[in-house]
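The values are calculated or read from the model by the stated rules, or taken from the named source; none is laboratory data. Everything numeric in this text was worked out from a predicted model, so none of it was measured. Glycine gets a Cβ as well: all are built from the backbone with ideal geometry, and neighbour counts include every protein chain shown.
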Amino acid sequence: MFTAVKASVRRVAHAFGISIVRHSTLTQLLATSAAQNAEVQRLRAVDAEVERLRAVDAEVQRLRAIIEQGRIGARPDINIAADSLIDFQIEMAKYYVKISMGDIEPSFTSIYDRCKAWSVASVEQLYAIYQAMEYVVKAGLPGDVVDCGTGRGGAAMTAMLALGHFGVTDRRILLFDNSDTTAAVTSAARARPETDSDLRDRLNTTGYPSGLVSVQQGMLERTLAADLPRDIAFMRLNTDCYASTMQALSALYPRVVPGGVIVVDDCGPLLGPRKAFEDYCAEGQLPLLLSRIDYRSRVAVKTAGTV
């Protein structure tokens, strides 16, 4: 009789998605009960957050309706800045998801479409490079464009096409592919040009004068020991690890002109490049504002009076 009752209980529990756990000790029973109570509290908190977000959305819709009807000035009871129900961080997140990069210049969109297949950099980073080229040209900064860690060339192509768009085709473009340096760290994850000629053919599609484009492939200890430019207007570092980032900074940063732009890739998730940049700035006491482009890259402008 007791066995039949247990079987009946199991069938009912199974039908309602309820699991039955046998506990051999009171301690196990209490532990399970505590875990279940914690899960119930977590689900209640989730439900509360959902309701809060619904209230936020309803309040935003209400205010939009008032604004559209032109009655916002006649409602002294509404204080948008002080309204406790509005979470502007949530609203801006919604706006960013909706708009994303939809407000950027069409000229960049066409450049991005030509370069995106050859770069693992985000659209935000490539747009930062495009903007940096516009800034360098309009500010009249002297110096060359340097890309250290060129990979398959997408970022360099973006810079070259942007320069052409802004009417400049007389700056030197110096590209360093440090694949040999970083092979031990990222050989499985990092896409590199198949051959030197593949990369050059790809760069030639930009129409930028090939005689002004220099490609150096190999370890940075060797390539950065060669003749380097006197002045650098823009420098991008995609050097993957601490040692190569420090080598590039030591060799190239002193040559960046005041007002020049530095983009540092892999400065977010990879601790090596970020630590190298922080150490280099600390040793030289460089007052640089390293601003976030995206989750992995940062941008800075070299201030006057720093070396």
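Assorted remarks:
- Some residue of the range 123-132 being more than 21 Å from residue 295 (Cβ to Cβ) and among the small types (Gly, Ala, Ser): no
- Taken over the range 263-287, the residue count meeting the criterion of being under 24 Å from residue 143 (Cα atoms), over 15 Å from the mean Cα position of the chain (by Cα) and surrounded by 19 or more Cβ atoms within 10 Å (Cβ to Cβ) is 1.
- Candidates in the range 211-229 are the residues that are in a helix (DSSP H, G or I) and surrounded by 13 or more Cβ atoms within 10 Å (Cβ to Cβ); of these, the one that is modelled with the highest pLDDT is 212.
- Test: residue 306 is touching a strand residue (DSSP E or B) at 6+ places or on another chain (Cβ under 9 Å), modelled with pLDDT under 90 and not assigned by TED's automatic domain parsing to the domain that holds residue 145: yes
- Under the condition of being closer than 20 Å to residue 121 by Cβ and either outside any helix (DSSP H, G or I) or without any contact (Cβ under 8 Å) to a residue 60 or more places away in the chain (or both), the residues counted in the range 236-255 number 8.
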